[in-house]
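The values are calculated or read from the model by the stated rules, or taken from the named source; none is laboratory data. Everything numeric in this text was worked out from a predicted model, so none of it was measured. Don't worry about glycine lacking a Cβ; one is built from the backbone with ideal geometry, like all the others, and counts go over all protein chains shown. Note: areas computed on protein heavy atoms with side chains; ligands, DNA, RNA excluded. Shrake-Rupley method; radii C 1.70, N 1.55, O 1.52, S 1.80 Å.
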Amino acid sequence: MSSLQNKQILVGITGGIAAYKSAELVRRLQDQGAEVRVVMTKAAMEFITPLTLQALSGNPVHTELLDPEAEAGMGHIELARWGDLLIVAPASADFIARLAQGQGNDLLSTLCLARRSKLAIAPAMNQAMYANSSTQDNLSLLEQRDIAIWGPAVGSQACGDVGPGRMLEVDELVDKAAAQFQSGLLAGKRVVITAGPTREAIDPVRYISNHSSGKMGYALAQACVEAGAICELISGPTQLATPPHCQRQDVESALEMHAAAMSRSNDCDIFIATAAVADFRPVHSADQKIKKQADSDTMIIEMVKNPDILADVASSEHAPFCVGFAAETQDVEHYARSKLEKKNLAMVIANDVSQQGIGFNSDDNQVLVVDHESSSAIEKLSKTALARRLVEEISKRYNKSAP
Ligand code: C5P
């Protein structure tokens, strides 16, 4: 279940070209199960009509502070109390200045003053306006008042400038909104996650590897941080950015990953192995680039088995709560269960990689959670949404097992 399920979110829209993205924001919040009401400033209505947002949100759009008809429906104080979260996106430089001064000269600024919920703003403006010291001072003041500042992003702007000032993408805003409702399920727990592929050197320029993107491990790291964990990623080579507030150690080979994992094994509460570790490595990695042999059409590379990182962590003294992943093409539950027992794990997250569009190198995943007592299926979800669900599943079982 998404952490936005049944949440009441008030979306405030101020005047800026990014206002057109707010329509998508409303939709995506609703997709996650939130109920959304929209408040627009006068300037916002120059960019997008209330009718569009009314149709999308399924609720009347609120625009006026002193409107007897609107007040008869849901008055501004009632509206301020209604929301579990108030997001102003886009937040213009002018609105940010009014917020910093505590003005209540229109409906949205009044709601910000009267709210009981968390307030988050997504600044969007020309990069020079954003860089201006007045705006920067206003933003620092808002931050001190515990108002979350989401963004801005850096990039090309509608006016042709390039720099910081773009509104964050809708996906990022939805993720941040969801994170507001995260539970603290793993508060203070130390979690180590292996992620990505390993590279097994043949010579200084060649290696054997696989197509693992690392997305599942990185999404889990982010979800663990959102749940309050102190999280460390041990990562093979990936193209992914380190999730905020997460430590990351980069490794290349299975042996390096093994050494990094073993050095943490007694120092963490939960160990999650998502890495696609190469099962074998070349016996010898040549010191110099191997030359083509003119007299041979074949080449034989002798391989030796890599250590099983997860199994070694799970059988170490004072082993943490160990979670493995299993990518299978048939008899998923049977093979997952045998891994659970053979490697001495607490849980295995298994998926059927013969299915199109899930698992390895894709954005979605559909899994079976297997433990010593039962197994339960989780429907197809984005890796980000799945990671949050898995954190719930992991923390439930971890708490049961913890002394
Ligand atoms: O045995 P198999 O490779 O299918 O097991 C998959 C699980 O074991 C994954 O969690 C993977 O990260 C972990 N593993 C490991 N070290 C290996 C092989 C797999 O940690 N050498």
TODO: Starting from the eigenvalues of the Cα gyration tensor, five times each then square-rooted, give me the equivalent ellipsoid semi-axes of the stretch 8-179, largest first, whole Å.
DONE: 24, 18, 15
TODO: Provide, in order from the shortest bin, the percent of all Cα-Cα pairs of the stretch 158-264 in each 5 Å bin, continuing until the bin that contains the maximum pair distance.
DONE: 2, 11, 18, 18, 16, 12, 9, 7, 5, 1, 0
Open item on the list: Looking at the chain as a GNM with Cα springs under 10 Å, which of Ala326, Ala377, Ala195 has the largest mean-square fluctuation?
Closed with: Ala377
Open item on the list: Please compute the per residue accessible area over the chain with all protein chains in place, 1.4 Å probe, rounded to a whole number of Å².
Closed with: 49 Å²
Open item on the list: How high is the relative contact order of the chain? Use alpha-carbon pairs under 8 Å, at least six apart in sequence, and give a whole percent.
Closed with: 11 percent
Task: Distribution of pairwise C-alpha distances over the stretch 190-401, 5 Å bins, in % - done: 1, 7, 15, 19, 20, 16, 9, 5, 4, 2, 1, 0, 0
Task: Contour minus Cα-Cα distance for Gln144 and Gln355 (0.36 nm per residue) - done: 71.1 nm
TODO: Could you please report the charge total around Glu373, scoring K, R as +1 and D, E as -1 over all other residues with beta-carbon less than 15 angstrom from its beta-carbon?
DONE: 0
Open item on the list: For Val88, what residues show an amide H to amide H distance below 5 Å, using hydrogens built from the backbone and excluding near sequence neighbours?
Closed with: Gly12, Ala120, Ile121, Ala122
TODO: Obtain the nm distance between the two label points defined at Ala128 and Glu24 by a simple spin-label model: each point lies 7 Å from its Cα along the Cα-to-C-beta direction.
DONE: 2.8 nm
Task: Area accessible to solvent at Cys159, 1.4 Å probe radius, in Å² - done: 80 Å²
Task: the stretch 32-96, relative contact order [Cα under 8 Å, separation at least 6], % - done: 27 percent
Task: Choice from Ala97, Ala311, Ala158 showing the highest fluctuation, given a GNM over the chain with Cα pairs closer than 10 Å - done: Ala158
Task: Beta bridges by DSSP in the chain, antiparallel share as percent, to the nearest 5 - done: 30 percent
- [ ] Report, please, the projected area of the stretch 115-179 averaged over directions, based on the convex hull of its C-alpha atoms, in nm².
- [x] 4.8 nm²
Open item on the list: Let me check against my output: what whole-number percent is the relative contact order of the stretch 8-179, with C-alpha pairs under 8 Å and at least 6 apart?
Closed with: 23 percent
TODO: Please report the orientation-averaged projected area of the chain, defined via the convex hull of its C-alpha atoms, in nm².
DONE: 25.1 nm²
Task: FRET efficiency for Asp171 and Arg116, using Cβ-Cβ distance with R0 set to 22 Å, rounded to 0.05 - done: 0.20
Open item on the list: Can you give the local net charge around Pro307? Use residues other than it whose beta-carbon is closer than 13 angstrom to its beta-carbon, Lys and Arg +1, Asp and Glu -1.
Closed with: -2
Task: Translational diffusion coefficient (Stokes-Einstein; Kirkwood radius from C-alpha pairs) of the stretch 1-65 at 4 °C, 1.567 mPa s, in µm²/s - done: 111 µm²/s
Task: Isotropically averaged projected area of the stretch 57-100, using the convex hull of Cα atoms (one quarter of hull area), nm² - done: 4.0 nm²
- [ ] Return the whole-Å distance between the Cα centroid of the stretch 143-163 and the Cα centroid of the stretch 359-403.
- [x] 34 Å
- [ ] Return the carbon/sulfur percentage of the accessible area of the chain, one whole number, probe 1.4 Å, all protein chains in place.
- [x] 48 percent
- [ ] Kindly flag which residue pairs out of Lys42/Lys380; Lys339/Lys396; Lys42/Lys383; Lys343/Lys380; Lys339/Lys383 have an alpha-carbon separation exceeding 32 Å in this structure.
- [x] Lys42/Lys380; Lys42/Lys383
